[in-house]
Amino acid sequence: MKRSYFVSLLLLLFLAFGFKAALAASNLEEGVNELASQISKNMSAFQKKKIAIVEFVDLKGDVTAFGQFLAEELITKMFTVGAGRFEVVERSLLNKVVSEQKLSLTGVIDPDSARQVGKILGVDAIVTGSVTDLGNSVKVNARMIDTETAKVFAAASTDIPKVDMVTKLMQQKVSSAPAEQKTKAEIEQGEQTVKGGVITLVLKRCKLSGKIMTCYFNVTNDSDNVVYFFFGHKDNLEKSRLYDDMGDEHKGSQAVLITRSGKSSTELSLVPRVTIEGEFKFDDVSPQVSKAVIIYLRTFTDREVIFNFREFPITK
């Protein structure tokens, strides 16, 4: 009898605490995927066709680098999971409208701003949310707001392990306006810089020859140790994407890293703080394309490293 009681008690404890732990993401990538999946299901369930995603805030209402990172990653994921079912508004376009119309989409969204965004961009749902530091993990709560009623019609949430990168991003306070100005400046200069873990990629230019678009990068290992970097592996190419301004999607076709001596390979050991070159190709691109809306590169070191480049001009 006592043994049966003890087993039952253990079962109850597992259901109360173990099941909750099972729902938590095991890493950052899994957490973002879980949020994107929940949001996608809600879009379908409530028959929404076009969505805008804004930066997540902490409990003080401040936008951190982590809040911006979440918004960027969700936009990219939603492009993938929502292909053919609903549209996702590019963040630079959303920021432009917010700035020009002097709207407020940070923290608690006021009804007038929601309706204005819906009217101007044809958006019927806005995703916003909050980030809560729980010590060893971070709770991310997303709210989906109807632009006609300005009311929350659905929600999504996940727990993400508080690894070093998450901690550093959460400590960086930012604001939407400077980030948008920086993006414009980078575009005007023809370069964009994105850091992923200890690797920094600088997108120098993208050139279209026939139907093949080649993007040229500078690649730098910012750590103090040698890092093995997978750039053009088959899995990298299969999961990498180009989304162009004709509305087409392209998988990566070829990618190489090139050392200063001219040696080239799809994967290399990167020497600390020595910049080398990289080339990434996409096939079957329309000659009418003038801009890469999103360049999504999936690479690996000792873990998966994602790089997102946005609104980049294409030369011919």
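Quick note: the coordinates plus some simple rules give every number you see, no bench work behind them. Model, not experiment: these values are computed from the prediction. Every residue, glycine as well, gets a Cβ built from its backbone with ideal geometry; the counts of neighbours run over all protein chains shown.
The figures follow:
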{"quantity": "Label-point separation in nm, K291 to T80, each point 7 Å along Cα→Cβ", "calculated": "2.4"}
{"quantity": "Mean ellipticity per residue at 222 nm, deg cm²/dmol - from DSSP H runs of n ≥ 4 across the chain, formula -39500 (n - 2.57)", "calculated": "-10000 deg cm²/dmol"}
{"quantity": "Computed log₁₀ I(q)/I(0) - Debye formula, equal Cα scatterers, no solvent, the stretch 190-315, q 0.09, 0.17, 0.19, 0.22 Å⁻¹", "calculated": "-0.22, -0.80, -0.99, -1.30"}
{"quantity": "Eligible aspartates and glutamates near K119 by straight Cα distance, threshold 13 Å, same-chain separation 8 or greater", "calculated": "D146, E148"}
{"quantity": "Under the Debye formula (equal points on every Cα, no solvent term), log10 I(q)/I(0) of the stretch 24-177 at q = 0.18 Å⁻¹", "calculated": "-1.05"}
{"quantity": "Simple Cβ-charge dipole of the chain, Lys/Arg +1 and Asp/Glu -1, about Cα centre, in debye nearest 20", "calculated": "340"}
{"quantity": "Whichever aspartates and glutamates have a C-alpha closer than 19 Å to that of K96, once near sequence neighbours (fewer than 8 apart) are set aside", "calculated": "E55, E72, E87, D110, D112, D124, E180, E186, E188, D245, E311"}
{"quantity": "Sites K173 and F300 - FRET efficiency at Förster radius 22 Å, r taken between beta-carbons, to 0.05", "calculated": "0.10"}
{"quantity": "Stretchable slack from E148 to K204, in nm (0.36 nm times residue separation minus alpha-carbon distance)", "calculated": "16.0 nm"}
{"quantity": "Efficiency of FRET from Cβ geometry, K162 and D248, R₀ 51 Å, rounded to 0.05", "calculated": "0.85"}
